[in-house]
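The values are calculated or read from the model by the stated rules, or taken from the named source; none is laboratory data. Since we're looking at a predicted model, the values are computed, not measured. Using ideal geometry, Cβ is built from the backbone for each residue, glycine included, and neighbour counts are taken over all protein chains shown. Note: areas computed on protein heavy atoms with side chains; ligands, DNA, RNA excluded. Shrake-Rupley method; radii C 1.70, N 1.55, O 1.52, S 1.80 Å.
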Amino acid sequence: MSAATETPLAISTPASEPICERLLLAGVALSSFAALLLELALTRLFSVVLFYHFAFLAISLALLGLGSGGVFAYLGKKWLARFRTRSLLAWLCCINALTIPIVLVTVLRVPVSLEVSRANLLRLTAIYLASALPFLVTGMEFSIVFARESRHITRLYGADLVGGALACLGIVPLLNWLGGPNTILLAGVIAAVAGHIWAMSKGVRRLAACVAMILGSLVVGNYSERAIDIVYAKGRLRDPRWVEFARWNAISRVEVDRQGDAKAVVIDADASTYIMNADLSQWKGTDWETNLMSAPPALANVLRPRGAYAIIGPGGGVDMLRALANGSPSITGIEINPIIANTIMRDRYADYSYHLYQQPEVTIHVTDGRSFIRSTRQSFDVVQMTLVDTWASTAAGAFALSENSLYTVEAFRSYFEHLNSDGMIAITRWEFRQPREALRVVSVAMEALHQLGVPSPPRNFVVVSQGQLDEDGIPVVVLAKKSAFTPVEEQAIKKHLAAYPALTALYLPSHPEPNPFSELIWRNNPYQFAQLYPYNVAPVTDNAPFFFFTLKLGQLLHPHGETHGIDWKVNLGVVVLFALLLISLAAVLAFLVIPLAVRGVHSRQHAVSLLYFVAIGLGYILVEIVFIQRFVLFLGHPTYALTVVVFLLLLSSGAGSLASRTWLRQTQRAWLPLLVIACGLVLYVFILPGVLNSLIGTPFLVKLLVSAGVLVPLGFVMGMPFPTGLRALASTPVPEFPATRANDATESAVEWAWAMNAGASVLGSVLAMFIAIKFGLNATLACGAVAYMAAILLSPSLQPRQS
């Protein structure tokens, strides 16, 4: 048995009193639950109040706060040693619970925009420093428990992971039930309950209970989300007088606003879709007919008036209304957000929309659009998407960033494969004076047609805009078929354009205009065209599904004139990521490395072994992010991907941590799980995409079983390296120091290991997105394998000792 399993690392003071192991593990699990619940809820809140780019920073700062808390606990170790462990942990939990409402008020009431100014930077700094406080306190709790109760280190690590896994399991129903602000307050309630469990004195126990009851009362009183709700969003003060309805769920915050005589569904205070208010029995000759038929998406209805439609993201029903009015007998709507499909369109605003979603020709499916198309046996005359994006992070936080699997080559292949013999896809995107979004749709569709055996598709496209292209952006529809557009179809298009002069043909097979669309289509090589074009419009695949990032490196370094157009804030995400990497590096140095470096490392051997913890921290976060991205498409929903992937990884890693106590202590083969992980990741690089794609049409229960089969074995082994390394580090002798200082050297090394692992996770969470955007998800997973291989090379430096 190693020395670390026989005696705690704590100094012999009143702080080292024995603690009931059940209370110890329960407190750790609840604290972990509260911390991860807060982190996930903040990403959802940040997506509404700020922008989805900044939601990503919440993940990094949570990791930074946890690591910094460990450093501060180490630096103040002598002062903290005066307090009993349970009393100290109870007080920290109460402080943690009290800081959470402060975080909520700060995020809701401090306005932050995307403008580059000193005042805006200070406001953003205030939000993130406040948001980091609860995680710093949690980091202190964990550090104290790990250091003083090192004999329970595997069980502690397991309880930590189990608590986090349960938070992942609970985040979706809690956001659906309570909403974003209330879920954050609930995290404070859980933290206070942990303090009540750990408290020794009646006074502290009463304080923890009082804090829990006060925060719980706020949750109950704010159940309608009227008292505590969004004040500023995207830097603008929200006017609640225009809001008729508002509700949160794990996907987004949805509200219905009055905009003059119209009503609009607003998603995360940014994207919007108008609720249709037209009586189909009085369609002909009305303003509704004129307005809707003068929009570019109407060309699909002109060419296939009585066709069967699959409409992805119907929202307020504009495409469905147009299809019904033109005589379509079968309309399948695929809406991912149940609030829009059920609560708004089929319930509260059903009368207002003339029961559009409940017409006999309409069938609504609440699921991911691409997953439905991929798994259905139906075929359609038109697969239509009109401006489908929300520019908002999901419950997966900004791990999903601007990724959208609806616009990849593989997705377009599915759309084409589910068309009838003469069917078409109709994709509408924003477009600008220098095209990039609709142009990329053409690029992706062309590559999909090539893969389906259409070698030369110049006659397979039609592109029409709503007026002349400008800097602000206008809607442009891209029609694409597996077969050529016929002269009769072209004539119908020209006739419609003549009836609605606001529409402009950018590309017709018989009359290609001199513009980038014509050049791309006639070149018939999208990759070659993209190399020469100012924007990145190359086809995107499931391996790197970042459709909306169209800026090239030169534009990122010199963004003159790039802040125009609706898409500029999307492309800004890459700039924010780069800045975030630098900020994270500076923060890791300031809060983790430098404070410990001032105290010094007591052993060169320990200094080398710390790189082991850097490698496994980097490897774990890289793997986790890639799996979240991969399972979005497979499970059909971003929130399902987050819940299933993180839950299974954390739960299985907790089991692996417990198993490592026996298995690796007996075999002394710390390198063995690392080798298994690295080999498994290399195997997954080659087989995982194909396996998931082949099973995407299976029932959801089967998908869950497949997910468990893929993730649990790997997660089990991934839970072993960290606690094994800590035990080995704690049991490593420090011969160059006297016995009175050896214990200090060992404690210093353990604290350094905690900090280095946290720092690697902070940087790795940002680095993973950089690698994925530039090189793809497979390359990111391969980098995770390389990190674990590096850990194999570093593992001998730990030299675990057995008695």
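Below, the figures for the structure above:
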read-out: Residue in the stretch 644-660 that is under 23 Å from Leu622 (Cα atoms), at pLDDT 85 or above, part of a helix (DSSP H, G or I) and of a type in the set (S, T, N, Q) present; value: yes
read-out: Residue in the stretch 729-765 that is modelled with the highest pLDDT, counting only those that are among the β-branched types (Val, Ile, Thr), open to solvent by less than 50 Å² (accessible area, probe 1.4 Å) and within 21 Å of Lys77 (Cβ to Cβ); value: Val750
read-out: The stretch 412-439 - residue that is over 18 Å from Val464 (Cα atoms) and polar (S, T, N, Q) and, of those, modelled with the lowest pLDDT; value: Ser421
read-out: Members of the stretch 712-728 that are open to solvent by 10 Å² or more (accessible area, probe 1.4 Å) and not hydrophobic (A, V, I, L, M, F, W, C); value: Pro713, Thr724, Arg727
read-out: Enumeration of residues in the stretch 120-137 that are open to solvent by less than 10 Å² (accessible area, probe 1.4 Å) and either among the hydrophobic types (A, V, I, L, M, F, W, C) or touching a Cys at 6+ places or on another chain (Cβ under 9 Å) (or both); value: Ile127, Phe135
read-out: Number of the exception - Pro526 against (1) buried (at least 21 other Cβ atoms within 10 Å of the Cβ); (2) within 24 Å of Asp381 (Cα to Cα); value: (2)
read-out: Count of residues meeting criterion [of a type in the set (A, V, I, L, M, F, W, C), touching a residue at least 12 places away in the same chain (Cβ under 8 Å) and not in a loop (DSSP other than H, G, I, E, B)] in the stretch 510-556; value: 7
read-out: Which listed residue, of Ile59, Ile11, Ile19, is open to solvent by less than 10 Å² (accessible area, probe 1.4 Å) and modelled with pLDDT under 85; value: Ile59
read-out: Qualifying residue in the stretch 346-353 (condition: free of Cβ contacts under 8 Å to residues at least 40 places away in the same chain and over 34 Å from the mean Cα position of the chain (by Cα)); value: yes
read-out: Residue satisfying all of: in the stretch 675-694; β-branched (Val, Ile, Thr) and under 17 Å from Ile625 (Cβ atoms); least open to solvent (accessible area, probe 1.4 Å) among these; value: Ile677
read-out: Unmet requirement for Ala538, which otherwise passes all of (1) at pLDDT 95 or above; (2) surrounded by fewer than 18 Cβ atoms within 10 Å (Cβ to Cβ); value: (2)
read-out: Test result for Ile190, in contact with a Gly (Cβ under 6 Å, 6 or more places away or on another chain), assigned to a helix (DSSP H, G or I) and open to solvent by 10 Å² or more (accessible area, probe 1.4 Å); value: no
read-out: Check on Val265, open to solvent by less than 60 Å² (accessible area, probe 1.4 Å), more than 37 Å from the chain's Cα centre (by Cα) and not acidic (Asp, Glu); value: no
read-out: Verdict on Ala768 being at pLDDT 90 or above and either in a helix (DSSP H, G or I) or in contact with a strand residue (DSSP E or B) (Cβ under 8 Å, 6 or more places away or on another chain) (or both); value: no
read-out: All positions within the stretch 254-276 that are at pLDDT below 90 and closer than 22 Å to Val105 by Cα; value: Ile267, Asp268, Ala269, Asp270
read-out: Which listed residue is over 12 Å from Met446 (Cβ atoms), touching a residue at least 60 places away in the same chain (Cβ under 8 Å) and within 32 Å of the chain's Cα centre (by Cα), from Leu479, Leu503; value: Leu479
read-out: Which numbered condition Ser379 fails, given (1) open to solvent by 20 Å² or more (accessible area, probe 1.4 Å); (2) modelled with pLDDT under 95; value: (2)
read-out: Given (1) open to solvent by less than 30 Å² (accessible area, probe 1.4 Å); (2) modelled with pLDDT under 95; (3) in contact with a Pro (Cβ under 9 Å, 6 or more places away or on another chain), number of the condition Leu387 does not satisfy; value: (1)
read-out: Restricting the stretch 227-240 to residues that are surrounded by 15 or more Cβ atoms within 10 Å (Cβ to Cβ) and outside any loop (DSSP other than H, G, I, E, B), the residue that is modelled with the lowest pLDDT; value: Ala233
read-out: Scope the stretch 331-361; condition small (Gly, Ala, Ser) and not in a loop (DSSP other than H, G, I, E, B); matching residues; value: Gly333, Ala341
read-out: Sole residue being in contact with a strand residue (DSSP E or B) (Cβ under 7 Å, 6 or more places away or on another chain) and in contact (Cβ under 8 Å) with a residue 12 or more places away in the chain, chosen from Asp160, Asp257; value: Asp257
read-out: Residues being surrounded by 17 or more Cβ atoms within 10 Å (Cβ to Cβ) and among the β-branched types (Val, Ile, Thr) - total across the stretch 697-711; value: 2
read-out: Ser224 of a type in the set (S, T, N, Q), surrounded by fewer than 17 Cβ atoms within 10 Å (Cβ to Cβ) and not in a helix (DSSP H, G or I); value: yes
read-out: Per-region count, the stretch 449-500, residues of a type outside the set (Gly, Ala, Ser), part of a loop (DSSP other than H, G, I, E, B), farther than 24 Å from Gln434 by Cβ and open to solvent by 60 Å² or more (accessible area, probe 1.4 Å); value: 2
read-out: Among residues of the stretch 299-330, those that are part of a helix (DSSP H, G or I) and either crowded, with 21+ Cβ neighbours inside 10 Å or among the basic types (Lys, Arg) (or both), counted; value: 11
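So that you can scan it fast, the table gives a plain yes or no per residue for (1) at negative phi; (2) in contact with a strand residue (DSSP E or B) (Cβ under 7 Å, 6 or more places away or on another chain):
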{"residue": "Ala448", "(1), (2)": "yes, no"}
{"residue": "Gly453", "(1), (2)": "no, no"}
{"residue": "Gly467", "(1), (2)": "no, yes"}
{"residue": "Phe485", "(1), (2)": "yes, yes"}
{"residue": "Leu506", "(1), (2)": "yes, yes"}
{"residue": "Tyr527", "(1), (2)": "yes, no"}
{"residue": "Gln531", "(1), (2)": "yes, no"}
